[in-house]
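These notes concern the structure reproduced below.
The values are calculated or read from the model by the stated rules, or taken from the named source; none is laboratory data. The structure displayed is predicted, hence computed values, not measured ones. We place every Cβ from the backbone using ideal geometry, glycine too, and count neighbours over all the protein chains shown.
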Amino acid sequence: MTSGNSLSPAARLYVSVPEDGRYGSELYPGSGQTVARFAQSAFQQRLGRVDRGQAMEGVDAALMSGRAVGADLVLVPVIAHWEDRATEWSGLPDRAEVLLTIYDAKTGAVVNRTSIQGRSTWFTFGGDHPQDLLPEPMNAYAASLF
């Protein structure tokens with residue numbers, strides 16, 4: 001499962017779906033599923049099996065779901081910041097921050113915890129969104145654990 005600060009490629013991981021992101025009163029439907037998909041993809045490249053939840057789960061529910069599918073580890077992402085701006089005309093950048101906690105599925109102990117962030121540049125042609133800012137730091141985080 002883990003060795004020092006590294007994860008074993010033989011470990012099975014369960015990724016929970018976080019609550020959708022919001023900025024002020026603006027809710028971003030589907031952002032939780034998007035974050036879970038990015039996490040699954042980043043870890044799937046390094047682990048033999050990665051399962052993903054289908055609906056939003058808190059830590060306790062995610063641990064139960066992870067145990068039910070035989071996972072060794074459970075990744076619980078939390079969207080801390082999700083800000084989709086019209087950067088091309090406002091000059092305000094898109095921002096995303098996701099807190100990632102990996103738990104031992106059996107004991108519930110924290111194995112690793114981090115925060116990944118992304119911020120668009122002020123010069124964009126309207127193609128950037130918070131979800132566009134996450135794959136690179138998510139992949140770098142996953143790679144750092146092996």
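Would you check if there is a residue in the stretch 127-142 being modelled with pLDDT under 95, more than 22 Å from R12 (Cβ to Cβ) and assigned to a strand (DSSP E or B)? No, the stretch 127-142 contains no residue that is modelled with pLDDT under 95, more than 22 Å from R12 (Cβ to Cβ) and assigned to a strand (DSSP E or B). In the stretch 57-74 there is at least one residue matching the filter, namely being part of a strand (DSSP E or B), closer than 23 Å to V110 by Cβ and modelled with pLDDT of 95 or more. Remark: pairs (first residue in the stretch 53-75, under 19 Å from A142 (Cα atoms); second residue hydroxyl-bearing (S, T, Y) and assigned to a loop (DSSP other than H, G, I, E, B); Cβ separation under 9 Å; 6+ apart in sequence or on different chains) = D72/S8. For the residues T114, T107, the requirement of being modelled with pLDDT of 95 or more, among the hydroxyl-bearing types (S, T, Y) and not in a loop (DSSP other than H, G, I, E, B) singles out T114.
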